[in-house]
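Coordinate-derived values only; no laboratory data. In this text, all values refer to a predicted model and were calculated from it rather than measured experimentally. Every residue, glycine among them, receives a Cβ derived from its backbone with ideal geometry; neighbour counts consider all protein chains shown.
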Amino acid sequence: MSDDRPDWARRMVAERVARGWSQADAVRALMPRLAGDVAEHDMLRQWKRWEAGENYPRKYAPAIAATFGTTTYAFFPMPGKRDGRAEIQSVSGMDTVDIVARLRASDVDTATLDALRITTDRLCCEYAYMPAEQLLTEGRAWLGRVANLQHQRLTLGQHREVIALAGQLALLVGCVEYDSGLSTAAEATRRAALDLGGEAGHLGVQGWAHEMRAWFALTAGDFRGVIAAADAGIAIAPNESVAVQLYAQKAKAWARIGDRQQTEVALDAGRRLLEGMAYPENIENHFVVDPAKFDYYRMDAYRRVGEDRLAEQIAGEVIRVNTDWDGTERAPMRISEAKLTLGVVAARDGDLDTALSYGEQALGSNRRSVPSLAMVASDLGGVLHQRYGQASEAQAFLAHLRELRGRPV
């Protein structure tokens, strides 16, 4: 029988079951988050209707999301809003050839800057799925074009915007360089982005440059370095969306250190900050923390602290919300890490075949960040080595992982 309930209704059931709660247990967890005098037995009747998908819990949506440790828009999502490529034409009337021609002619007017801004946004949106080599080539080309504008006659406002755009492109290029194993180049580009953000007075660019430092440290196993970098970024940009991701990096580091309490503290700080922000205009931009991404952060932390049922449930959500109806993966790297999470849970549950299937699917992804993928895949490799070290199938996966990492597991 088909299940035609809304996704949020099915998720309410899945989240509750993952915690081993009855419906009454879930309502008891919800009650402290409700304002006013609400009877528990009345709320239980409401809860049953919500799980059945009979009515939408508009008034109670934030409290329900908080009960399950996530944000309102992650649990009750809104659709994406924009197509960056189409917007370049609609706002400026220019395509890429027109923009480059104007730049070469030193014709930097408002329309040209608008087109550059939207082009930068479009490139940042393509980070999720464009082949790294292609994106790196295009990103570097645009970074060079924008950087050259600094030497032209610009107003103070134009100069500041050009510097900020160069900073955003440097962030993108640095990320793709690191994905591609070019760690030395990535660090140099990150530092350039930090300098550009400082010169432009752009808190977001500065915050993301610190976030990149935290990410580099995380994949290198320097967990105290992650926390230091995250704290530095939060100090500079405490109210920017990047601060949410900085808290997430702290949570990942604390989870790997083994401190469950600090993991939860960092996750909750990020959740509260994100909950208070307006819904993003463009959730596809890599440097925008979209609400659904918060579940992706939680998935990693819960996998590391051994909350298998929660990690499994969230991994399923990550795959669902990032896959189109025709099976197209809109965020292949997130999906790969979700599959590795499912593989870890399966391995811990004693299901070697399922664990290996998920693991090989993840390692076979065409769009991937090698350092991040290797880090998460090592969680699965560790379980396989410990529990199934003598099995030839496990040995084959471990060999594949060693090849990916370029060094012994």
Can you give the extra length, in nm with one decimal, that the chain gains between Asp42 and Ala396 once fully stretched, where that is 0.36 nm per residue apart less the Cα-Cα distance? 121.9 nm
Hey, what did the range 7-68 get for relative contact order, percent, Cα under 8 Å, at least 6 apart? 41
How big is the gap, in Å, between the Cα center of the range 227-274 and the Cα center of the range 9-59? 29
On average over all directions, what projected area in square nanometres does the range 328-393 have, based on the convex hull of its Cα atoms? 4.2
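DSSP H helices in the chain with Cα extent of 27 Å or more along the helix axis and mean Kyte-Doolittle hydropathy at least -0.5? Before the final figure, lay out each step's value.
On the way: long enough: 156-179 (35 Å, 0.68).
The qualifying helices are 156-179.
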Please list the non-local residues whose amide H lies under 5 Å from the amide H of Thr323, H modeled 1.01 Å from N, same-chain partners needing a gap of 5 or more. Arg330
For the chain, with +1 on Lys and Arg beta carbons and -1 on Asp and Glu, the positive-most of Ala292, Ala251, Trp21 along the dipole: Ala251
With 10 angstrom as the radius, rank Thr110, Thr137, Thr323 by how many other C-beta atoms surround their C-beta, starting from the fewest. Thr110, Thr137, Thr323
Estimated dipole of the chain in Debye, rounded to 20 [Cβ of Lys and Arg +1, of Asp and Glu -1, Cα centre]: 640
Using alpha-carbon pairs under 8 Å, 6+ residues apart, how would you state the relative contact order of the chain in percent? 13
Work from the charge dipole of the range 306-409 (Cβ charges, +1 for Lys and Arg, -1 for Asp and Glu, about the Cα centre) and give the residue of Pro332, Ala355, Ala311 farthest towards its positive end. Pro332
Name the shape class, rounded, prolate or oblate, that the alpha-carbon gyration tensor gives for the range 7-68, where a ≥ b ≥ c are the square roots of its eigenvalues, rounded holds for a/c under 1.5, and otherwise prolate holds if a/b is larger than b/c and oblate otherwise. rounded
Relative to the compact-globule scaling 2.2 N^0.38 Å, provide the ratio for the alpha-carbon radius of gyration of the range 277-409. 1.06
Estimated FRET transfer efficiency (Asp326, Arg33; beta-carbon r; R0 45 Å; 0.05): 0.75
Please give the contour-minus-distance gain from Leu154 to Asp353: 0.36 nm per residue of separation, less the Cα-Cα distance, rounded to one decimal in nm. 65.5 nm
